Amino acid sequence: FVERWVRGNGGVEGMGREAVDCVVGELDLGQLSLKDVKQIVKPSGILSPHRLIDFFDEYAVSGTFGCFGTGPGQFKSVADVAVHGEGSEERVAAVDAKACRVLVFNVGSGACVACVGSMGNGPGQFEYPCGVAFNHRGEMFVSDRELHRISVFDASGSYLRSFGSKGAGEGQMDHPTGLCFTAGGELAVADTGNHRVQILREDGTFVRTFGSKGTGEGQFDIPIDVAIGGDGRMYVVDQGNARVVEFDREGGYVREIGSRGDGPGQFQKPFGVALGEDG
C-alpha cells in the first residue's frame, strides 16, 4: 500500500508533514513487517522521523544495515542473512539477490566492510545468489540458484572455490537455496529443485541426503530453507506443502509444523526459518 501510494502521489512533494502523518495514521503499522518498514517505508519518506522511531522502539529494533539503492552498502533486495563472530568482530552478511552480490556489515559500527560478487558466471560471480552461511572459521558460503553451485569466500571476502553443478546426482544441485552448518561442520543445502536436503563437507564432498518429492512424512515440495538447532535437529521450510518439517540429526523424520491456511500457526508460502539460542 505504501509503495503504491508513494508512486501514485509523487512521494510527499507538496504535502505538509501533518497531512502525510494523517495518511500514515490510516495504516495498521502492526501488520507491517520490519522488512516493509526498512525497505519501503523508511526510504520513501512517508513516515515521519518521530513515528519511525516509535515503531522501531515498539518492536525493539536496535539498529539497521543498509538502505534501498545500488550504491555501496545499499540493497535492491535481501534474500538471506547470516551472522558470524563476536564483539567488535561480529559481522552480518546479507544476500542482495537482484544485485548479484553479498554485502557484509560490522554489527557494532553498522559499516559495510565488504561487497562480494558481481553479475556473471565466472569464479566469485553470481547469477542469482540465494542463501548464505558462515563456517566456524568465518568463511562465507553462498548458494547460487541459477548457477546450481555453492561459492566460498574467505573472511575478507576473497573468492576461494566453488562446488556443485546442475543435476540430481550426489553433490549435484537443482536451484539450491537455503544453507546452514551442523555442529560438526557439515553443510546442509536446501536442494530445492531436487526436493531434498543434501549434507556436504566443506569441499562439496557428498555425505548423505534425505527427502523426496511428495506430500508424505519426510517428503518435500520445494524445500527452500533449512536451520539446525543446538540439539542437532534440522528444520526445513517445505514451501509447496506450506509447512516446516523437523528431522533428527541423522535425517530421520520427527514431525511437521504448520499447515496451509490463514489461521494461527498456518502458512500460505513460508520462505525462511531461524532458531533462537534456546531452540
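The values are calculated or read from the model by the stated rules, or taken from the named source; none is laboratory data. Computed from a predicted model, the values in this text were never measured in an experiment. Don't worry about glycine lacking a Cβ; one is built from the backbone with ideal geometry, like all the others, and counts go over all protein chains shown. To get the accessible areas, we keep the full protein, side chains included, count just its heavy atoms, and leave off ligands, DNA and RNA. Shrake-Rupley method; radii C 1.70, N 1.55, O 1.52, S 1.80 Å.
Taking residues in region 73-96 that are at negative phi and part of a loop (DSSP other than H, G, I, E, B), and partners anywhere that are open to solvent by 50 Å² or more (accessible area, probe 1.4 Å) and of a type in the set (F, W, Y), the pairs with Cβ atoms closer than 8 Å and at least 6 places apart or on different chains are K76/F68. Scanning region 200-232 for residues that are of a type in the set (F, W, Y) and at pLDDT 95 or above, we see that the one that is least open to solvent (accessible area, probe 1.4 Å) is F220. Taking every residue in region 214-235 that is within 16 Å of L275 (Cα to Cα) and pairing it with any residue that is among the β-branched types (V, I, T) and modelled with pLDDT under 95, at least 6 positions away or on another chain, the pairs with Cβ-Cβ distances below 6 Å are D225/V273; A227/V273; I228/T182; M234/I228; Y235/V273.
Just so you know, in region 65-82 the residues that are over 11 Å from the mean Cα position of the chain (by Cα) and exposed (fewer than 14 other Cβ atoms within 10 Å of the Cβ) include one that is nearest to A155 (Cα to Cα), and it is P72. Do you know which residues across region 135-153 are assigned to a strand (DSSP E or B) and over 23 Å from T209 (Cβ atoms)? M140, F153 - these are the residues of region 135-153 that are assigned to a strand (DSSP E or B) and over 23 Å from T209 (Cβ atoms). Candidates are the residues of region 145-163 that are among the charged types (D, E, K, R) and farther than 16 Å from H84 by Cα; the one that is least open to solvent (accessible area, probe 1.4 Å) is R149.
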